[in-house]
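Report on the structure given below.
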Amino acid sequence: MAFQWGLGRWLGSGVFGTTLPPFNRAAFIRDEPGITLFNAHVSGHVDPASTARQNIVDAAAGLPAKTSDNSHVGTTNVTLDANMLRAILEINLVNGYTFRVTTIAGGRHSATSAHYTGKAFDIDTINNVRVTTANPLNQAFKNACTAYGATYVRGPGDDADHATHIHCAWP
Ligand SMILES: [Zn+2]
């Protein structure tokens with residue numbers, strides 16, 4: 001009798017239930033020292049609610065990330081893509097690169113940008129070296145994004161818009 005009562009309590013505690021919180025990748029990204037999250041905008045535009053850092057802080061808290069007020073879509077709420085979050089975390093923890101994320105959902109991009117749906121991120125340093133055509137790690141970083149499911153990856157040498165950053169986007 002006592003055993004059955006105890007088992008019942010255990011089953012109801014959340015260990016096997018649905019109340020156990022899912023693995024919160026955004027919280028790991030927020031707290032990972034090898035991943036720098038820019039707390040401003042590359043353009044100089046001031047919109048603290050939509051910086052890369054605030055996007056991740058919000059996602060870690062279970063809140064939507066915000067696009068920027070000066071973007072094509074204005075300020076909107078978006079859910080950050082789970083595969084993108086996995087890539088941001090694992091390119092650091094598994095692939096071993098440190099990098100700075102300049103933009104996730106925020107910033108102003110092309111009109112139909114994947115940033116506006118929470119499916120793209122930009123970086124401008126790899127292992128503390130700025131992303132330019134001279135950075136020898138560009139291709140390795142781009143390959144890592146592709147390995148984690150990114151389907152549109154651009155960087156220096158690909159086109160003029162990506163001369164100083166790498167853009168990784170998920171479908
Ligand atoms: Zn981008």
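The values are calculated or read from the model by the stated rules, or taken from the named source; none is laboratory data. Bear in mind the structure is a predicted one, so any value in this text is a computation, not a measurement. Cβ: placed from backbone, ideal geometry, glycine included. Neighbour counts: every protein chain shown.
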With the condition kept exactly as written, say whether any residue in the stretch 130-153 is away from the ligand (no atom under 13 Å from the Cβ), farther than 16 Å from residue 83 by Cβ and part of a strand (DSSP E or B).
yes
Subset of the stretch 157-171 (residues that are in contact with a helix residue (DSSP H, G or I) (Cβ under 6 Å, 6 or more places away or on another chain) and either at positive phi or more than 11 Å from the ligand (Cβ to nearest atom) (or both)):
170
Within the stretch 33-47, identify whether any single residue is modelled with pLDDT of 65 or more and assigned to a helix (DSSP H, G or I), and answer yes or no.
no
Do you know which residues across the stretch 32-89 are over 17 Å from residue 169 (Cβ atoms) and basic (Lys, Arg)?
53, 66
